[in-house]
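Undergrad: I'd like to ask some things about the structure below.
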Amino acid sequence: MPSGFADRAAFHPALVAEVRAHRTLTETWDHKRRAARGGWLATDLFVDATPALAAFEAMIRRAIDTLPLAEDPAHPFLGARPRAYTLDAWCNILVAEGHQAEHIHNLGWLSGVYYVSLPPGLGEAGEAGWLEFGRPGYGLPETPAMAIHRVRPREGLVVLFPSYLWHGTIPFAGAGQRISIAFDVHPKG
C-alpha cells in the first residue's frame, strides 16, 4: 500500500473518488486513438497531484524502479530498459459489454494495469473481463501457432508487461463497473 493509506479498503475508494472527479473524465473519445469500448476514460492522471493519485504514482514508480530484470544488452526488451523515464497513466471505467480492443503501446517500453474495482463475481464463471495477451488487433490475422495467455483481474493486482505485447480484455456482462488504471513507461531523452 502507498504511504498515507492503511489498506486497500481506505486506498481504493479514495482512488475511485479522485478519478471520478478528474477533470479529464469523459465518455466521449476517439476510438481510433483509444482501445476502450463502453464506459468512461480519464487521461493524464498525474497532472493534478491529488492525494490518492500521487500515492498511486509513487507506488507504481517503486514497482518499476525495483523490477528485477536481467541485464542483457542484446535483448529487445531488457536491452532497452531506460535509465530515465516518464510515466503516463489513464483510467478506464468499463460497463457491461465494455472491453479493451486488442492493441499495443507503440511509444512505451513497459506497460501495466492496476485493478481498482471490479464488478461482483467477475471471472468466477469463465473468463469474462479478463486481460488477454497474444491476440493481434487492428484487423491483423491470427495464426494457429499463436499463444494466448489470460490473466484474471483481482482488486489490487498490478500486471506489468512489455509495451509491444498485444493485449486486450474480454467483454463482461452484468451490473457493476470494471475500474482499472493503465500506465506506460516512456524512455526519456
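The values are calculated or read from the model by the stated rules, or taken from the named source; none is laboratory data. These numbers come from a predicted model, not from an experiment. When we count neighbours, we look across all protein chains shown, and the Cβ atoms used for this are built from the backbone with ideal geometry, even at glycine.
Undergrad: When you scan segment 73-97, how many residues do you find that are touching a Pro at 6+ places or on another chain (Cβ under 8 Å) and within 21 Å of P13 (Cβ to Cβ)?
TA: Selection size over segment 73-97: 0.
Undergrad: So, one more: Among the residues of segment 50-70, which ones are among the polar types (S, T, N, Q) and either under 12 Å from G112 (Cα atoms) or free of Cβ contacts under 8 Å to residues at least 24 places away in the same chain (or both)?
TA: T66
Undergrad: While we're on this one: For segment 96-142, give me the residue count where each residue is of a type in the set (D, E, K, R), within 16 Å of L165 (Cα to Cα) and at pLDDT 90 or above.
TA: 1
Undergrad: Can you name the number of the only condition in (1) within 22 Å of V19 (Cα to Cα); (2) of a type in the set (A, V, I, L, M, F, W, C); (3) surrounded by 16 or more Cβ atoms within 10 Å (Cβ to Cβ); (4) touching a helix residue (DSSP H, G or I) at 6+ places or on another chain (Cβ under 8 Å) that L110 fails?
TA: (1) is the only condition that L110 fails.
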